[in-house]
1. Go ahead and set up a Gaussian network model of the chain, Cα springs under 10 Å, then flag whichever of GLY165, GLY48, GLY141 fluctuates most.
2. Rounded to whole Å and sorted largest first, list the principal axis extents of the Cα atoms in the chain.
3. Determine the calculated [θ] at 222 nm for the chain from helices alone, applying -39500 (n - 2.57) to every DSSP H run no shorter than 4 residues and normalising by the residue count; nearest 500 deg cm²/dmol.
4. Below 8 Å, C-alpha to C-alpha, sequence gap of six or more: please give me the relative contact order for segment 85-221 in percent.
5. Given the options ASP171, ASP88, ASP188, which has the most mean-square fluctuation in a GNM of the chain, springs set between C-alpha atoms less than 10 angstrom apart?
6. In straight Cα distance, which aspartates and glutamates are under 15 Å from LYS126, not counting same-chain residues fewer than 8 positions off?
7. Which one, ALA163, ALA40, ALA108, has the greatest fluctuation when you compute a Gaussian network model over the chain with C-alpha springs under 10 angstrom?
8. For the chain, what does the relative contact order come out to in percent, with C-alpha contacts under 8 Å and a separation of six or more?
Amino acid sequence: MMKFSARSAGPALKPSLDTPARPAGGRTRQANEARILEAAEAVFAEAGFTGASMQAIAERAGLPKANLHYYFGTKELLYRTLLGRILDMWVDAFDHITPDRDPAEAIAAYITDKMRWSRTRPLASKVFANEVIHGAQQIEGYLSGKLRQIVAEKAAVIDGWVAEGRMAPVDPVHLFFTLWATTQTYADFEVQVRAVLARDRLTESDFDHATDQILRLMLRGCGLEVPHTVPDGR
């Protein structure tokens with residue numbers, strides 16, 4: 001089975017949505033914020049925004065509830081911060097798609113990043129899916145603003161590749177929709193995938209095989225061959 005290298009698993013910490021960034025703190029503050037966000041990801045994935053409580057998140061984080069209010073103020077602010085960082089993590093994968101890059105390598109690297117997030121951060125995907133299913137009220141501005149803009153920019157790159165004869169004609173926006181659906185299903189519908197595959201859990205080998213399959217289907221549908229390796233996009 002082919003192996004594809006991707007960027008390091010840790011997303012950069014960025015200001016989220018339209019929430020103002022807090023001043024940078026010391027290592028203890030950063031560690032506590034990371035613990036809170038990790039706990040919030042699990043609780044919001046399991047209970048949704050309405051069903052989650054700051055107390056449940058504090059217990060999951062192993063920190064006093066007062067710490068959550070000190071660092072994030074309210075449950076809504078914590079939720080928006082988490083959603084913003086999830087979206088920024090996914091948007092960063094678009095960095096692979098640049099005009100000067102080989103189309104097959106660029107799209108393969110994008111797919112590989114998205115599959116890696118589904119393997120390593122399945123709860124993040126579930127938080128996002130729950131938000132969208134319930135109307136995306138907290139992230140509507142991000143979706144129609146930053147995400148729409150970056151999709152338009154990357155769609156123009158793909159249109160350029162098509163115009164140059166470097167890949168088959170495709171609707172780039174709908175290509176992205178298809179890539180999101182195929183990669184995120186392994187997180188959002190993990191229970192279904194495990195049931196059909198008769199697995200107690202999905203292994204790294206399962207994800208390698210799924211990634212290989214998605215690459216073959218998507219790239220060949222774009223008139224491209226699967227590269228033997230995907231170099232680091234950074």
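Where a number appears in this text, it was derived from the coordinates with a stated rule and is not lab data. A quick note: this is a predicted structure, and the numbers were derived from the prediction, not measured.
1. For the chain, modelled as a Gaussian network with Cα springs under 10 Å, the answer is GLY165.
2. Between the extreme Cα coordinates on each principal axis of the chain lie 58, 41, 35 Å.
3. Taking each H run of at least 4 residues, the total per residue is -20500 deg cm²/dmol.
4. Worked out over segment 85-221, it gives 35 percent.
5. Looking only at ASP171, ASP88, ASP188, the largest GNM fluctuation is found for ASP171.
6. List returned: GLU38, GLU41, GLU46, ASP188, GLU190.
7. Its mean-square fluctuation being the largest, the pick is ALA163.
8. 32
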